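S.K.: What follows is a single structure, and I will ask about it in a moment.
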Amino acid sequence: MDFLGINYYARGLTEDAPDDWPTRSRKVTNPSALYTALDWEIHPEGLTRALTWVHDRYTKVPLYVTENGMARDDPDHLPPGARTYDDPERVAYLAAHLAAVRDAITGGVDVRGYYAWSLMDNMEWAHGYAMRFGVLHVDFDTLVRTPKTSARYLREVARTRGAIVGGGGAYRGGELPELPAAGAAS
């Protein structure tokens, strides 16, 4: 095996529920946590733990985060001529999860790559066109694609070779890195 891919979006919390057949468990939510539009808990520490656990318990082959992202209920249409769409929650999500990957690497896990889900808004099997994961907004009527702030953030991560990614993968809400203005040369 050349590598192993890990898809990570959220952790799931359950409690013992002996009367709930067949699993004897039920989903619970963390009242102090933030959640995506799909009601998935934002918990980047879980990505560090998953990468470390797989590395320590199963394999020393290189790992890739092959999917990681968050759904939002972004608008279907942007104003005519819009050059960008601001999605600060997704930027914070990506920044925290990239920091979580950095924490795993610092801890000795051989992580070779990270793939954000997804490049463009698309049709999701479970939710159709309602939930948007892309860093490019797609108007499905006109097919116009507009970069979101999260696309500019990932561009800066690549341009700086990860230097703008901090450690400590905790979700830090509004603490976002400074980004160049939309349309600025880099």
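S.K.: I'm trying to understand the selection: among the residues of the range 44-77, which are assigned to a loop (DSSP other than H, G, I, E, B) and crowded, with 17+ Cβ neighbours inside 10 Å? It would help to see each step written out before you state the result.
M.R.: The first filter runs over the range 44-77 and keeps only residues assigned to a loop (DSSP other than H, G, I, E, B), leaving 44, 58-62, 69-71, 73-77.
If the condition is that a residue be assigned to a loop (DSSP other than H, G, I, E, B) and crowded, with 17+ Cβ neighbours inside 10 Å, then 44, 69, 70, 71, 74 are the ones that fit.
S.K.: Separate question: Would you check if there is a residue in the range 96-107 being under 30 Å from residue 129 (Cα atoms), more than 11 Å from the chain's Cα centre (by Cα) and without any contact (Cβ under 8 Å) to a residue 40 or more places away in the chain?
M.R.: No, because not a single residue in the range 96-107 is under 30 Å from residue 129 (Cα atoms), more than 11 Å from the chain's Cα centre (by Cα) and without any contact (Cβ under 8 Å) to a residue 40 or more places away in the chain.
S.K.: Of the conditions (1) surrounded by 19 or more Cβ atoms within 10 Å (Cβ to Cβ); (2) among the charged types (D, E, K, R); (3) within 17 Å of residue 35 (Cβ to Cβ), residue 148 clears all except one; give me its number.
M.R.: Against the list (1) surrounded by 19 or more Cβ atoms within 10 Å (Cβ to Cβ); (2) among the charged types (D, E, K, R); (3) within 17 Å of residue 35 (Cβ to Cβ), residue 148 comes up short only on (3).
S.K.: Of all residues in the range 22-36, which are out of contact with any Asp or Glu (no Cβ under 9 Å at 6 or more places or on another chain) and within 27 Å of residue 96 (Cβ to Cβ)?
M.R.: 31, 32, listed by residue number.
S.K.: Return the pair list, or none, for Cβ contacts closer than 8 Å from residues in the range 147-174 that are farther than 10 Å from residue 99 by Cα to residues that are basic (Lys, Arg) and modelled with pLDDT of 70 or more, at least 6 apart or on different chains.
M.R.: That search, which allows pairs on different chains as well, returns 147/83; 148/90; 149/90; 150/90.
The values are calculated or read from the model by the stated rules, or taken from the named source; none is laboratory data. On a predicted model such as this, the values are computed, not experimentally measured, just so you know. With ideal geometry, Cβ positions are generated from the backbone for all residues, glycine too; neighbour counts draw on all protein chains shown.
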